[in-house]
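Before anything else, here's the structure in question.
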Amino acid sequence: MENTTYIALSRIDTLTRALDVAADNLANANTDGFKATRQIFSDYLVPQKNIHGLPGGRDEAFTQDRSTYQDHLQGALRQTGNPTDFAINGEGYFSVRTSQGVRLTRNGQFHRRVDGTIVDGAGNPLLDRDGRNIVIAQQDEVVSVAADGTLSTEDGPVGYIGVVTVDNLNTLQPEGTYLLKPTTRTHAVASTEIRQGMLESSNVNSISETTRMVEIQRDYDLNFQLVQTESTRITNSIDKITTEPST
């Protein structure tokens, strides 16, 4: 197999991964708080030998899938009117307590459990500034949240919603569709703006992501055709050599 085929196959491998990434982004275009995943790939050069078998031939470029990362750009905020829906305008993440430990999220769709605990859709309690579960007394009916995270009822303030971040967002590890696992120490955000009755939408642009999928598929098809063409060429060459009479 010649290097032309190897180069095309290296490209096909990265395009397959790129297609999976784009498909996952598109599937979560309507998932609140979802952050799009982006792919990093690059070309790497392989030195070739010249016709005499010595270094100095033309380098050949192969494609390498290096890694993926999350795009933490804020999604659009939309009005819901639900008093336990919260959106962060700016940096930071809500903290929730899961069975695997504390996780961060931008999905502010919470609800009030029967015992008064504020939890997310999976039942994970929302945490306050001190890392404690936020619980509202069962008899309290009115729930309001100020921009600084102060949570109050008709009897006055009952807690403060914690908003935290990390120094390097690239160290956050995605878990599921909206949770992030912090691998470094978290710290409170200096200036917080929480908007009640709103949710942050996914930051995936459906139109651009669909266009990207079409481009990836087209590139994939072209490289696959190249592999098939090279395979046919090599097979024909071998057949020609083996069938030609010796002189």
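The values are calculated or read from the model by the stated rules, or taken from the named source; none is laboratory data. This one's a predicted model, so the numbers in the text were calculated from it and none came from an experiment. When we count neighbours, we look across all protein chains shown, and the Cβ atoms used for this are built from the backbone with ideal geometry, even at glycine. The accessibility values were calculated without ligands, DNA or RNA, using every heavy atom of the protein model including side chains. Shrake-Rupley method; radii C 1.70, N 1.55, O 1.52, S 1.80 Å.
When you go through Ser152, Ser191 one by one, which is the residue that is polar (S, T, N, Q), farther than 19 Å from Asp24 by Cα and surrounded by 14 or more Cβ atoms within 10 Å (Cβ to Cβ)?
On the way: Ser191 fails: surrounded by 14 or more Cβ atoms within 10 Å (Cβ to Cβ).
The unique qualifying residue is Ser152.
Among the residues of segment 90-105, which ones are surrounded by 22 or more Cβ atoms within 10 Å (Cβ to Cβ) and more than 17 Å from Tyr160 (Cα to Cα)?
Scanning segment 90-105 gives a single hit, Arg103.
Tell me, which residue of segment 126-144 that is surrounded by 12 or more Cβ atoms within 10 Å (Cβ to Cβ) and over 20 Å from Val189 (Cα atoms) is farthest from the chain's Cα centre (by Cα)?
Asp140
When only residues in segment 1-35 that are open to solvent by 60 Å² or more (accessible area, probe 1.4 Å), of a type in the set (Asp, Glu) and under 22 Å from the mean Cα position of the chain (by Cα) count, which is modelled with the lowest pLDDT?
Asp13
Right, next: Please specify each residue of segment 179-215 satisfying the condition of being in a helix (DSSP H, G or I), of a type outside the set (S, T, N, Q) and within 18 Å of the chain's Cα centre (by Cα).
Matches in segment 179-215: Ile207, Glu209, Arg212, Met213.
Taking only segment 157-167 into account, find how many residues are not in a strand (DSSP E or B) and not charged (D, E, K, R). Walk me through how you get there before you give the answer.
Within segment 157-167, the first condition is being not in a strand (DSSP E or B), and the residues that meet it are 162, 166-167.
Narrowing the set further to residues that are not charged (D, E, K, R) leaves 162, 166.
Number satisfying all stated conditions: 2.
Residues are listed down the side, and each one gets a yes or a no for (1) small (Gly, Ala, Ser); (2) touching a residue at least 60 places away in the same chain (Cβ under 8 Å); (3) out of contact with any helix residue (DSSP H, G or I) (no Cβ under 8 Å at 6 or more places or on another chain):
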| position | (1), (2), (3) |
| --- | --- |
| Ser95 | yes, yes, yes |
| Gln109 | no, yes, yes |
| Ile118 | no, no, yes |
| Asn124 | no, no, yes |
| Arg132 | no, no, yes |
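Could you check Tyr69 against (1) farther than 22 Å from Asp32 by Cα; (2) modelled with pLDDT under 95 and say which number it fails?
Condition (1) is where Tyr69 drops out.
Looking at segment 98-156, which of its residues are part of a loop (DSSP other than H, G, I, E, B), closer than 23 Å to Asn203 by Cα and touching an Asp or Glu at 6+ places or on another chain (Cβ under 8 Å)?
Arg106, Asn107, Gly108, Phe110, Ala147
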